[in-house]
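The block underneath contains the structure these notes are about, expressed in C-alpha cells.
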Amino acid sequence: MSLDKKGKTFVISGPSGVGKSTVLKALFEGRGDLYFSVSATTRKPRPGEVNGVNYWFLDDQQFTDKEEAGDFLETATVHGLARYGTPLKPVQEHLAEGVPTILEIDLQGARRVKQRAKELGLEVVYVFIAPPSFDELVRRLKGRGTETPEEVAKRLETAHVELSAENEFDVTIVNDDVDKAAEDLWRVIASEYGITE
Ligand code: ADP
Ligand code: 5GP
C-alpha cells in the first residue's frame with residue numbers, strides 16, 4: 001500500500017476484557033504494514049507474555065527513571081494496580097516513515113494523548129472498543145482467567161468509568177465477533193489513509 005509520509009496514530013481503548021488484544025492480534029495477522037506500540041509496564045508478565053513483544057516489563061525504579069527522562073508519550077496508573085507508559089521514540093520513528101501506529105492504552109492515556117497531540121504534531125484517531133453488553137464483558141473478563149477475583153472486581157469498577165467515556169472517541173467498534181471487529185478497525189485505518197481495496 002502506498003503511505004503518506006506522515007503517519008497517523010490510532011488510539012485503541014475500551015474496558016479490560018472487551019477483547020482489544022484479541023482484535024489487534026487478528027488485525028496484525030492480516031496486515032504487516034502497521035506498527036503496534038509496545039508499552040512499558042510495572043505489572044508482572046502473564047503466562048506466555050514476552051518482554052519486548054507484549055510489553056516492556058520494568059520495575060518501579062526503571063519506570064520512574066524513564067518517565068523523568070521524558071521517554072514516554074503518556075503514562076497512567078491503571079486500575080490503581082500498575083503503571084503503564086507509551087515509549088515516545090519508536091512512535092515518532094514509525095510515524096516519520098508514514099506507518100499507521102496503534103496505541104492500545106487506557107482512557108487516561110487516551111486523554112493525555114489528546115492533550116499532547118498538538119505539541120507533538122500527532123494526527124490521532126480515537127477508537128473505542130465496546131462489548132456487546134456488560135454481562136458479556138464480565139463473562140470475558142472472568143473467562144480469561146488471568147486475574148484474581150479482586151483484580152477482576154477492580155477492572156469492572158474501571159470498566160464503568162471507561163464505558164461512560166465512549167463519546168470522547170471518534171469511532172466505536174462493537175466487538176461481538178473478533179474477525180469482524182478487526183475488519184472494522186482496518187476499515188477505519190484504510191479510510192484515514194485513503195486506501196480502497
Ligand atoms: P483486553 O485486551 O481488552 O483486556 P482480551 O483480548 O484479553 O481483552 O480478551 C478478553 C477475553 O475475551 C479473552 O479470553 C478473549 O479470548 C475473549 N474474547 C475476545 N474477543 C471476543 C469475542 N468477540 N467473542 C468472544 N470472546 C472474545
Ligand atoms: P493489561 O494489564 O490487561 O495488559 O492492560 C490493562 C490496561 O492498561 C488496558 O486497559 C490497556 O489498554 C492499558 N494500557 C496498556 N498499555 C498502556 C500504556 O502504555 N498506557 C496507558 N495509559 N494504558 C495502557
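The values are calculated or read from the model by the stated rules, or taken from the named source; none is laboratory data. Quick caveat: nothing in here was measured; it's all calculated off a predicted structure. Cβ atoms come from the backbone with ideal geometry, glycine included; neighbour counts cover every protein chain shown. Surface areas here come from the heavy atoms of the whole protein model, side chains and all, with no ligands, DNA or RNA. Shrake-Rupley method; radii C 1.70, N 1.55, O 1.52, S 1.80 Å.
Structure notes:
- Sum of side-chain charges, S21 neighbourhood, beta-carbon under 12 Å (Lys, Arg +1; Asp, Glu -1): +3
- Close amide H partners of N175, meaning residues 5 or more places away or on another chain with modelled amide H under 5 Å apart, are A130.
- Cα-based shape type of the chain, given that a ≥ b ≥ c are square roots of the gyration tensor eigenvalues and the cut on a/c is 1.5: oblate
- In plain terms, the chain from V178 to Q62 could stretch by 38.2 nm, reckoned as 0.36 nm per residue minus the Cα-Cα distance.
- Mean accessible surface per residue for the stretch 58-197, computed with a 1.4 Å probe while every protein chain stays in place, in Å²: 52
- With a cut-off of 10 Å between beta carbons, the residues surrounding Y35 carry a summed charge of -3, where Lys and Arg count +1 and Asp and Glu -1.
- Segment V53-E123, extension gain: residue separation times 0.36 nm, minus the distance between their alpha carbons: 22.7 nm
- Local electrostatic count, V161, Cβ distance below 15 Å [Lys/Arg +1, Asp/Glu -1]: -2
- Restraint check, K142/K180; K66/K142; K6/K142, Cα-Cα greater than 31 Å: K66/K142; K6/K142
- Where only DSSP H runs of four or more residues are counted, the chain gives -13000 deg cm²/dmol as its mean residue ellipticity at 222 nm, each run worth -39500 (n - 2.57).
- The chain, relative contact order in percent, only Cα pairs under 8 angstrom and at least six apart counted: 35
- Summary of the geometry: the stretch 96-161 and the stretch 19-65, compared by the centres of their Cα atoms, lie 13 Å apart.
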